[in-house]
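The structure appears right after this line, and notes come after that.
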Amino acid sequence: MKKFMMLASAVMVLGSSVALAKVIGRVNGYPITERSANAFLKVVTKGKLKYGQLRPKDKKDVIKRIAPDALLIGMARHHLTELERNQILVNYWLAQKTRNIKISRAEVKKAYKDNRKFFKDPKGKILPFEKVKAMIEVSLKQKKYVAQLMDRAKVTMGKTVIKAPKKTPKRQNKPKKQSATASTGAAHIYVVQSGNTLSGIAHKYHTTIKQLRLLNGMSESDTLKIGQKLKVPVQ
């Protein structure tokens, strides 16, 4: 039922029109629609049943169960101004969009420190941090999300652009350094013998001195030593 109440609240704040929805009942004159019945059944039956599939007795039971929400939605539509409905819509939407935004405790503490004079009880006493931290966190999440939206927003007056969207810099992938093994292919180990030279080993394995140095991390000043193990390309 908690999930359904949240769903019903979403329908309320979105102010969805019932003009085209099929009315299956009324509560104090406010319509109970087949769409709201199906939304309820989607939750309680996990999508297995729709209102049209129910027996008359079960249909009455569904209407009775969703009547309180239909009454609240109808009264809210009737009594709230357009401005109030829009504010509820914004608050609901922001709550969904900011759910995963992270705000550090340090950010919350800084906001409290900068604005603590505004956090007062009815007697004018400044409220402690722990009393208002949740409210501040929600406010910071919303502020961060709105800032992200505005970064991508385009504001105009007539044909004049007042604010252009920020251009997101294209991420340039740094070229990966090619490893010595990759540049020379597979390799095996050769043990340096007496009289061996780098050029002779390179010739024997059909490669170049440069590739051998690269494969073994040798500088041009490095010399061979008897018994030294060298990586050489597989022939």
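None of the figures in this text is laboratory data; all of them are computed from the coordinates on show. Here the structure is a predicted model, which means the values were calculated and not measured. FYI the Cβ positions are ideal-geometry reconstructions off the backbone, even for glycines, and counts take in every protein chain you see.
Descriptive notes on the structure:
- So R105, is it over 30 Å from P165 (Cα atoms) and within 28 Å of the chain's Cα centre (by Cα): yes
- Of all residues in region 88-123, those satisfying the criterion of being loosely packed, with under 12 Cβ neighbours inside 10 Å and part of a loop (DSSP other than H, G, I, E, B) are R99, N100, K102, S104, D121, P122, K123.
- When Q53 is tested against the conditions (1) surrounded by fewer than 16 Cβ atoms within 10 Å (Cβ to Cβ); (2) under 30 Å from K166 (Cβ atoms), the lone failure is (2).
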